[in-house]
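Q: Supplied in C-alpha cells, the structure appears directly below.
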Amino acid sequence: MILLQTLSTDTLSAADSLGMNGGAQEIGLLDLLIKGGYMMIPLYLLFILAIYIFVERLMTLKKASKTPVHLLDQVKVLVSSGQVEKAKMLCADEKTPIANMIAKGIERIGSPLKNIEVSIENVGKIEIYKLEKNLSLLATVSGAAPMIGFLGTVAGMIQAFIAIAQEEGMVSPKLLSEGIYEAMITTATGLVVGILAYLGYNYLVTQVSKLVHRMEYASIEFIELLQEK
C-alpha cells in the first residue's frame with residue numbers, strides 16, 4: 001500500500017513537471033516565422049506575389065466568362081436581317097474574348113470565308129495570351145518557393161553546426177535542437193507557399209481551358225452562321 005502511494009505521488013509530480021516545462025516551451029506561430037531567419041523574406045514576398053496573381057487572374061477570368069448565353073443567337077438574327085452595324089455594337093458592348101472574336105468576324109463579312117476564319121483565329125490567340133498572363137510566373141513561384149526554403153534550411157544548418165563547433169565542452173542538446181528546428185522553418189514555409197501556388201496555378205489553368213473551349217465553340221458557330229448565309 002505504501003509502495004502504491006509512493007508511485008502515485010511520483011507520477012503526479014512528474015506529470016506536473018512535464019506540464020510546466022511544456023507550457024514554458026510553447027512557441028507561437030509568429031515567433032516561429034521570425035526565427036526562420038533572413039531567408040524568410042523572399043518567401044514572404046513570393047507568397048504575396050502568388051496571392052496577388054491568383055486574385056487578379058481570378059477576377060479577370062470571371063469578367064471574361066460573362067458573355068451572354070444568347071449573344072450568338074442575337075448576332076445571328078441581326079446579321080441575317082442585314083443589321084451588321086447593330087451586331088458590331090452588340091459585341092462591342094460586351095468586351096469579352098468571345099465578343100471580340102465575333103466582332104472581328106463581323107468586320108470581315110464580305111471577305112472570303114478563309115480570311116474570316118484566320119482573322120477570328122488571330123484575335124483568339126491574342127485573347128488567350130491575355131488570359132494566360134502571369135500564369136507562368138505563378139508556376140515559377142510554386143517551384144522556386146520550396147527550393148528557397150530548402151536553401152534557407154541548409155544555410156541554417158551550417159550556422160547551427162558552426163555554433164556547435166565553437167562550443168567548448170559538452171554540447172547542449174538544447175543548442176542543437178534549437179539550431180535544427182529554426183533551420184527547418186524555412187523548408188516548411190517554402191513548401192506551404194509552393195503548394196498553395198501550385199494549387200492556384202492548376203485551378204487557373206483549368207478555368208482558362210474551359211474558357212478557351214467556349215471561345216472555340218463560339219467561333220465554330222459563327223463560321224457556320226456565315227456559311228448558312
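The values are calculated or read from the model by the stated rules, or taken from the named source; none is laboratory data. Worth saying up front: this structure is predicted, and the values here are computed from it rather than measured. Heads up, the Cβs are rebuilt from the backbone with ideal geometry, glycines too, and the neighbour counts pull from every protein chain shown. Just the protein is used for accessible areas: all its heavy atoms, side chains included, with ligands, DNA and RNA removed. Shrake-Rupley method; radii C 1.70, N 1.55, O 1.52, S 1.80 Å.
Q: Filter segment 168-199 down to the residues that are of a type in the set (Gly, Ala, Ser) and outside any helix (DSSP H, G or I), then identify the one that is modelled with the highest pLDDT. Write out each step before concluding.
A: Just the residues of segment 168-199 that are of a type in the set (Gly, Ala, Ser), to begin with: 169, 172, 177, 179, 183, 188, 190, 194, 197.
Those left that are additionally outside any helix (DSSP H, G or I): 169, 172.
Numbers: Gly169: 64, Ser172: 67.
If we take residues in segment 168-199 being of a type in the set (Gly, Ala, Ser) and outside any helix (DSSP H, G or I), then Ser172 is modelled with the highest pLDDT.
Q: Residues being of a type in the set (Asp, Glu), open to solvent by 50 Å² or more (accessible area, probe 1.4 Å) and farther than 19 Å from Lys76 by Cα: count how many of those fall in segment 102-129. Outline the logic, then answer.
A: Initial filter on segment 102-129 (of a type in the set (Asp, Glu)): 107, 117, 121, 127.
If we keep only those that are open to solvent by 50 Å² or more (accessible area, probe 1.4 Å) as well, we get 107, 117, 121.
Narrowing the set further to residues that are farther than 19 Å from Lys76 by Cα leaves 121.
Within segment 102-129, residues that are of a type in the set (Asp, Glu), open to solvent by 50 Å² or more (accessible area, probe 1.4 Å) and farther than 19 Å from Lys76 by Cα number 1.
Q: Somewhere in segment 62-76, is a residue out of contact with any Phe, Trp or Tyr (no Cβ under 9 Å at 6 or more places or on another chain), over 30 Å from Ala145 (Cα atoms), open to solvent by less than 70 Å² (accessible area, probe 1.4 Å) and among the hydroxyl-bearing types (Ser, Thr, Tyr)?
A: Among the residues of segment 62-76, at least one is out of contact with any Phe, Trp or Tyr (no Cβ under 9 Å at 6 or more places or on another chain), over 30 Å from Ala145 (Cα atoms), open to solvent by less than 70 Å² (accessible area, probe 1.4 Å) and among the hydroxyl-bearing types (Ser, Thr, Tyr), which makes the answer yes.
Q: Could I ask something else about it? Considering only segment 185-225, state which residues are surrounded by 18 or more Cβ atoms within 10 Å (Cβ to Cβ) and over 23 Å from the mean Cα position of the chain (by Cα).
A: Met215, Ala218, Ser219, Phe222
Q: Conditions first: (1) outside any loop (DSSP other than H, G, I, E, B); (2) open to solvent by less than 70 Å² (accessible area, probe 1.4 Å). Gly82 passes all but one, so which condition is the exception?
A: (1)
Q: Quick one: which residue in Gly19, Gly28, Gly23 is at pLDDT below 80, surrounded by 10 or more Cβ atoms within 10 Å (Cβ to Cβ) and not aliphatic (A, V, I, L, M)? Let's see the steps before the verdict.
A: Numbers: Gly28 fails: surrounded by 10 or more Cβ atoms within 10 Å (Cβ to Cβ); Gly23 fails: surrounded by 10 or more Cβ atoms within 10 Å (Cβ to Cβ).
Answer to the check: Gly19.
Q: Here are Ala50, Ala99, Ala92: which of them is surrounded by 13 or more Cβ atoms within 10 Å (Cβ to Cβ), of a type in the set (A, V, I, L, M) and modelled with pLDDT under 90? Before you say what the answer is, go through the steps one by one.
A: Values: Ala50 fails: modelled with pLDDT under 90; Ala92 fails: surrounded by 13 or more Cβ atoms within 10 Å (Cβ to Cβ).
Unique residue meeting the criteria: Ala99.
Q: Looking at (1) in contact (Cβ under 8 Å) with a residue 12 or more places away in the chain; (2) open to solvent by 30 Å² or more (accessible area, probe 1.4 Å); (3) within 17 Å of Lys210 (Cα to Cα), which is the only condition Met59 fails?
A: With respect to (1) in contact (Cβ under 8 Å) with a residue 12 or more places away in the chain; (2) open to solvent by 30 Å² or more (accessible area, probe 1.4 Å); (3) within 17 Å of Lys210 (Cα to Cα), Met59 is out only on (1).
Q: So the check is Cβ under 9 Å with 6+ separation or different chains; which pairs have a first residue in segment 66-87 that's under 10 Å from Leu225 (Cβ atoms) and a second one that's of a type in the set (Val, Ile, Thr) and modelled with pLDDT of 80 or more?
A: Qualifying pairs under 9 Å: Leu72/Ile98; Leu72/Ile102; Val75/Ile102; Val75/Ile106; Val79/Ile106; Val79/Ile109.
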